[in-house]
């Protein structure tokens with residue numbers, strides 16, 4: 001139902017520059033926008049995303065508790081207090097700036113059925129897909145070996161692997177996986193993918209397989225990209241049996257979550273030559289401990305959970321939030337509503 005003419009208190013908890021905050025203010029006169037980003041950072045410094053600039057204190061003299069108590073709509077930061085729902089009893093909708101919803105599982109919002117949660121799925125699908133393409137070329141052309149040769153000032157000549165004509169297996173065909181598939185097909189790669197639910201009535205490409213055919217995808221792929229959400233079902237999805245199912249010449253690329261892969265099994269497979277290489281942006285423990293064997297493996301590309309970071313991230317978050325805020329005020333279904341039973 002629409003909110004009619006009553007005011008709706010909107011609380012912004014993520015750090016935004018003035019021009020982006022102004023876009024939210026301008027959506028509708030019914031939306032009464034307040035900024036609690038500075039107050040939240042005082043309590044949770046980790047709520048600031050890498051590369052994000054802390055917002056100034058825009059509501060001095062008001063505590064985070066004061067602002068939460070009045071809020072009906074919440075634009076979340078990347079972290080929230082564990083007891084946020086009890087401190088914000090009037091909240092009915094929370095928008096995440098992230099594609100994943102792990103931040104809410106760690107709070108009492110997850111068990112508050114009266115609160116609608118929407119994710120940021122799709123915001124960073126293009127940057128993550130571009131990272132995957134970069135990883136494919138890095139592994140196929142053995143860029144790690146080039147960099148090592150440069151560090152040694154060594155003139156090193158060796159054969160490079162192909163990309164066109166190889167097979168890419170995508171585990172998880174959501175927003176990221178779909179964009180990866182589009183780019184890969186443009187590169188002349190053969191694309192296979194698994195999807196959690198494959199509708200037999202839908203006109204899907206023949207290369208989309210249900211998750212129970214994961215081993216078939218692994219065995220057929222030269223590159224395997226993990227793009228599944230973090231749920232109870234995906235933890236440990238790629239273990240020893242799955243790594244053994246892959247071709248010894250294949251490479252694994254993980255842009256989902258670190259606990260999707262059994263890291264010890266992956267290290268063993270890479271050391272034994274059972275797997276040709278890996279590009280990893282996420283890990284079981286982050287930051288990756290300095291004593292992890294992954295740092296020393298020459299066939300591994302490592303990045304610090306940055307595949308989805310890009311300069312205009314906050315603008316894309318506001319794009320989605322503004323569109324959803326208009327829907328909320330007019331009583332329509334929101335974009336990216338989270339299915340708590342499915343876990344995303």
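The values are calculated or read from the model by the stated rules, or taken from the named source; none is laboratory data. Just so it is clear, the structure is predicted and the values come from calculations on it, not from any experiment. A quick note on method: Cβ atoms are made from the backbone with ideal geometry, for glycine too, and the neighbour counts reach across all protein chains shown.
Below is a table of values for the structure above.
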quantity	calculated
Per-region count, the stretch 13-42, residues in a helix (DSSP H, G or I) and surrounded by 14 or more Cβ atoms within 10 Å (Cβ to Cβ)	10
Conditions (1) out of contact with any strand residue (DSSP E or B) (no Cβ under 6 Å at 6 or more places or on another chain); (2) surrounded by fewer than 18 Cβ atoms within 10 Å (Cβ to Cβ); (3) outside the structural domain of residue 234 (by TED's automatic domain parsing); number of the one not met by residue 58	(1)
Subset of the stretch 229-256 that is modelled with pLDDT under 95 and buried (at least 21 other Cβ atoms within 10 Å of the Cβ) - its residue that is farthest from residue 180 (Cα to Cα)	234
